[in-house]
Each structure stands twice: as C-alpha cells, then as structure tokens.
Amino acid sequence: MAAAKKAVLGPLVGAVDQGTSSTRFLVFNSRTAELLSHHQVEIKQEFPREGWVEQDPKEILQSVYECIEKTCEKLGQLNIDISNIKAIGVSNQRETTVVWDKLTGEPLYNAVAAPVSPGPSDPVAAVPSGSAVPAAGTSSVWLDLRTQSTVENLSKRIPGNNNFVKSKTGLPLSTYFSAVKLRWLLDNVRKVQKAVEEDRALFGTIDSWLIWSLTGGANGGVHCTDVTNASRTMLFNIHSLEWDKELCEFFEIPMKILPNVRSSSEIYGLMKAGALEGVPISGCLGDQSAALVGQMCFQDGEAKNTYGTGCFLLCNTGRKCVFSEHGLLTTVAYKLGRDKPVYYALEGSVAIAGAVIRWLRDNLGIIKTSEEIEKLAKEVGTSYGCYFVPAFSGLYAPYWEPSARGIICGLTQFTNKCHIAFAALEAVCFQTREILDAMNRDCGIPLSHLQVDGGMTNNKILMQLQADILYIPVVKPSMPETTALGAAMAAGAAEGVGVWSLEPEDLSAVTMERFEPQINAEESEIRYSTWKKAVMKSVGWVTTQSSESGIP
C-alpha cells in the first residue's frame, strides 16, 4: 500500500507559515495540492508595556527548524521519502520588524510586531489572558503607543502634501507599517544605532530574517525580501518596484540596511542546515498575499476574505494600481517570477471578528468555548432586532473614526444571550460587507462571489449569514490551509524548480463548499441599513482623543 502511495506522489513542496501566534511547516503534493503532513509550534508574544507587542526572533527561527524536523519525521512514519521535497516557500506575518547583526547573526532587539493582526491560522487568536493589552482591542492601531509620537513628528515634516507617502506606497503614514517601527528602533535602541554606525546592521521583516538565517546567516546568508512584504514597509515604491530614495531620506533610514527586493517566486538560496539541507527556498509572500494565491484569485475582481481575530479582505485589481477613495490600502498582490508582471490588490481589514467571540467568552462569559457561539445562534436563527457594533477601539475602514465605541442596541425584554450571539456573528458579516462595498466603489467591478478561509469559516451559520448579507455566494475550499498552499505554489512554480504549474488548465481543482443567499434582496438591504444606523449611534463616545489616527 505504501509503495502504491509513493508512486502517485510526485514532487513535494514545503511551506513555512509564520503567523502572529504560531509557526507551522506544511508539506503538499504538487500534483494534487493535497496536504500530506504538518507540525505547529506556538510562539510567545511579549507585552513589555500596554500597546507594545514583541516577539523573540531567535525563538521564531528555532520554531521553524523544529517544525521542519518534526514534519520530516512524520513523513518518514508515512513512508514518504523527504528527498521528494523539491522546494520550500515562506509566508509570514507582515509589518513585524527585525534588526540584526550581520557578523554574529544575533538580533539587536526583539521583533517589533504590528499590534496583534489577524492571521489566517488564528481562529480566535492570540492575546493571553491577564496580559497588559485589553483582550478585545489588540488589533487597534490606536493602542500602539510606542510609535504614535514618531508618526506625529513625521506628519509635521511631510513634504508638499499629505499624499507624499500614499502616492508612492499605497499606504497612509501610520504606526502599523515597518518604516515607523524601524525609525523608533534607530531613535531608541543604542545597540541598533551602534550597529548601523559600524555597518553591521541588517533590517528585515520576518521573511527576510528567516531566509537570511536559513540560507547560512552570518556565513553567506541571503538578505532579501519579496515585493509583497516590501510593499508593507512604507519605504517601497509600488510603481517602480524599488526602495524609494526620497522615502528613505524622509524616514532617515540608511538604504544599506535594507534587503534586496525579489519576486515572490524565484530561488533565493538553499537550506544550509537540518533535514532539508540543500533544498531551495524559492517562494516568499506576505500572509495575505499568500492566501490570495492559495485561493487562486488570479483574475481581476476576484477577492478573498480571511476570518481570524479580525478579517483581511483582498481584491485582485490586476496589473493596475487602484487608489482607494474609501480608506482601503493599495498593496502588491504578487509577482510570480522574475520576468512575470506584478499584480496589485486593494485591501481592507475588519478589526474585530474572532475577537468579538473571544470577548463574549472571556468578558461576558456567555460561552465557554468559541465553538459554542454557533450552537447559541442556531437556537434562535435571528437576532430579533438586536444589533452589535464591536467598535471596541474605534471604527476602522471605511469610517476611520477613533471616537466610536462598541454598542449593543435594539434590546427588548425578550432579548437573550442567543440573540446577542447571533448579532455578534452578523456584525462580522456586516463589517465585511462595508469593506466589499468600498472595494466595489473603488474598482467598479462588483464581486460575483467571495472566497473565504481562516479559522472562523468552520462556523456554518456565519458562512450562511455572510452569503445572505452580501447577497452573493460565499465559497470555501475544503482544504483550509490556503496561506501555506499559496507559499508552496509560488515555491514549486519558481524557475529552476518547475514542479508546480500555475497555468489555469493545470491547477488542481479544489473542492469547494458553496453558500448561496437564502433570503430575498430586500430583507438583506433592510438589515444592512439598520446596521448602518447602529454604527452611527456608536460614533462620538470618546471626545478626548484626536481623530487623526492612521490606518492599519
């Protein structure tokens, strides 16, 4: 039996999926896109002060080695020869910033993370109870106290007009992106300043740190990143696809510490240690771009939504940059080969998705486990006019209103915890609709369906509600590991590897679960307009904060 299985395997491709709360290594069959084995290691997040989120880069690297070794052991137990693994791809949490010493390989400070951002593999991730950061607000840019003053100082110096950063990068000047964190490290950490002065410092996002370390580190490691990760730094010109000299001067960042920018699919270097020594690392994508590729959203106007702690919605806009009039980000979707064209995407995020379920569990105690919410919602099948706006730390896209706070309204004597549970699930769907509406207005291409992934998509009530509220079908692949799959596809398709064809006719058909709208369009619109009324009620609660905050 084992021999027969080996015969149909064909070449295998591995993927490192380094998320905000865990690291995983997964191995796929390049012929069928089937997941053969994987291993996961949890990663600690450190909260030295309120609003600060850090991780140990060495722990992240060690977790990658551990995941690779354990996965290879599991493949051995399945009688699968690891010499079949022909390439490795990397997908990673974006924006997290590392500076290290190129002579010793030692990090010069902890990795400075984005305030915990929703990752594809975090069903209801990530902040340990009892931490300094308020549980439900962890996705909020308004909590990142560390770099807020840096942003305020920089915004006073913006040359010409406020569009200086956005027109080049697709991003607003914000605490969320790497340039500001790097500026903070250069201003506040003596070890970093000294290493830059002595020409020992290297900067990178997590992908760069991993690829440099895995390809030899201080002994010839390759210092590179890909276009998708570079496009999240605020230093990268998304039109010329190069580091931007004017931006580096504006942020006062020495260009010599930046990694070389490569495509998302090419051989960067070879593994220098461990069970897979000699295997090329040939794919690299930021996690949300990886999920877009893994969902095979290769056509203009195709979109995916990843449901985690929050939601990340990306819409492929093809080979043209679409700049949003509605508070969305313009970003690089992928560039699948050195000589291949670059594709762009519009991105919007729902700050509070899985986090609202965690709030019901940890703060209100109306559920004991996250899974229970589906049972409660199913009991009533309606919110009975109850609406929940989880603006725990302000409203994100398309409102950008930091004065808002969470509200539950439309309560009657009849309302019970089941109705509130149902309203919480509806809130995730209404927020997604708001982002999709903004994308439709920016692109002018109404979506025909929405592709979904992430931990929360196991909730069938949520998926049905999403189809009803969007009034388009919601399509979920049976294989949920779309982020890792995207990184594996990019790695396997690289020139010099060539084991995974990305031609439409060659792509493995992935079985999909499809949720069709089950209510009429009029009812969908009534519910959505009532939600918008509830949102307006949540605005203006906090009057002491400035409302000129950045966008995540």
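Let me make sure I get this right: for region 279-348, a, b and c are the square roots of the gyration tensor eigenvalues over alpha carbons, sorted descending. Under 1.5 in a/c it's rounded, otherwise prolate if a/b > b/c, else oblate. Which is it? Verdict is oblate for region 279-348. Per q in 0.07, 0.11 1/Å, what log10 I(q)/I(0) does a Debye calculation on the alpha-carbon atoms of the chain return? Taken in order of the listed q values, log10 I(q)/I(0) reads -0.37, -0.95. With a ≥ b ≥ c the root eigenvalues of the C-alpha gyration tensor of region 1-91, is it rounded (a/c under 1.5), prolate (a/b larger than b/c) or oblate? Taking the square roots of the gyration eigenvalues as a ≥ b ≥ c, region 1-91 is prolate. Surface composition of the chain: carbon plus sulfur atoms hold 50% of the accessible area, using a 1.4 angstrom probe and ignoring ligands, DNA and RNA. Once all protein chains are placed together, residue 270 keeps about 80 Å² accessible to a 1.4 angstrom probe. Contact order for region 451-522, expressed relative to its length and based on alpha carbon pairs under 8 Å spaced 6+ residues apart, stands at 42 percent. What are the residues whose amide H is under 5 Å from the amide H of residue 270, where those residues sit 5 or more places off or on another chain and H is modelled from the backbone? HN-HN under 5 Å from residue 270: 281. Measuring between their Cα centroids, region 174-190 and region 287-311 lie 28 Å from each other. Per residue, the solvent-accessible area of the chain (1.4 Å probe, heavy atoms of protein chains only, all protein chains present) comes to 37 Å².
Applying 1/(1 + (r/R0)^6) with R0 = 30 Å to the Cβ-Cβ distance of residue 533 and residue 369 gives a FRET efficiency near 0.40.
Translational D (Stokes-Einstein, µm²/s) of region 427-512 at 4 °C and 1.567 mPa s when Rh comes from the Kirkwood sum over C-alpha pairs? Using the Kirkwood radius from Cα pairs, D works out to 87 µm²/s. Beta-bridge orientation, the chain: approximately 70 percent antiparallel, per DSSP, counting only bridges with both partners inside.
So how strong a dipole does the chain carry about its Cα centre when Lys and Arg Cβ are +1 and Asp and Glu Cβ are -1, to the nearest 20 debye?
Magnitude of the dipole: close to 440 debye.
Its relative contact order, with pairs defined as Cα atoms under 8 Å and 6+ residues apart, puts region 271-428 at 17 percent.
Run the dipole for region 144-210 about the Cα centre, Lys and Arg Cβ at +1, Asp and Glu Cβ at -1, nothing else charged, and hand back the magnitude in debye, nearest 20. Numbers along the way, then the final one.
Details: 11 positive and 7 negative charges, 29 e Å.
The dipole magnitude comes to about 140 debye.
Considering only 391, 40, 289, and ranking their Cα positions along the charge dipole of the chain that arises from unit charges at the beta-carbon of Lys, Arg, Asp and Glu, the one farthest toward the positive end is 391.
Run the dipole for region 11-51 about the Cα centre, Lys and Arg Cβ at +1, Asp and Glu Cβ at -1, nothing else charged, and hand back the magnitude in debye, nearest 20. Please list the in-between numbers first.
Numbers: 4 positive and 5 negative charges, 22 e Å.
The calculation lands at about 100 debye.
When region 395-552 is described by a simple charge dipole with +1 on each Lys and Arg Cβ and -1 on each Asp and Glu Cβ, the residue from 494, 526, 484 located farthest towards its positive end is 526. Between 428, 377, 184, the Cα set farthest toward the positive side of the dipole of the chain (charges on each charged residue's Cβ, about the Cα centre) is that of 184.
How high is the relative contact order of the chain, given as a whole-number percent (alpha carbon pairs under 8 Å, six or more residues apart)? The partial results should precede the final answer.
Numbers: 1289 pairs, mean separation 93.2, N = 552.
After rounding, I find 17 percent.
Restricted to Cα atoms, region 237-371 shows a radius of gyration and a Dmax of 19.0, 54 angstrom.
Taking the convex hull of the alpha carbon atoms in region 348-401, what volume per residue do you get, in Å³? Mind dumping the intermediate values first?
Values: hull volume 5.5 nm³, N = 54.
Value for region 348-401: 103 Å³ per residue.
With N the number of residues in region 202-242, Rg(Cα) / (2.2 N^0.38 Å) evaluates to 1.23.
Once you sort the root eigenvalues of the Cα gyration tensor of region 332-471 as a ≥ b ≥ c, which label holds: rounded (a/c under 1.5), prolate (a/b larger than b/c) or oblate (the other case)?
Working: a/c = 2.08, a/b = 1.85, b/c = 1.13.
Taking the square roots of the gyration eigenvalues as a ≥ b ≥ c, region 332-471 is prolate.
The values are calculated or read from the model by the stated rules, or taken from the named source; none is laboratory data. The structure presented is a predicted model; accordingly, all values stated were derived computationally and were not measured. A quick note on method: Cβ atoms are made from the backbone with ideal geometry, for glycine too, and the neighbour counts reach across all protein chains shown. Ligands, DNA and RNA are stripped out before the accessible areas are found, and what is left, the full protein with its side chains, is counted by its heavy atoms. Shrake-Rupley method; radii C 1.70, N 1.55, O 1.52, S 1.80 Å.
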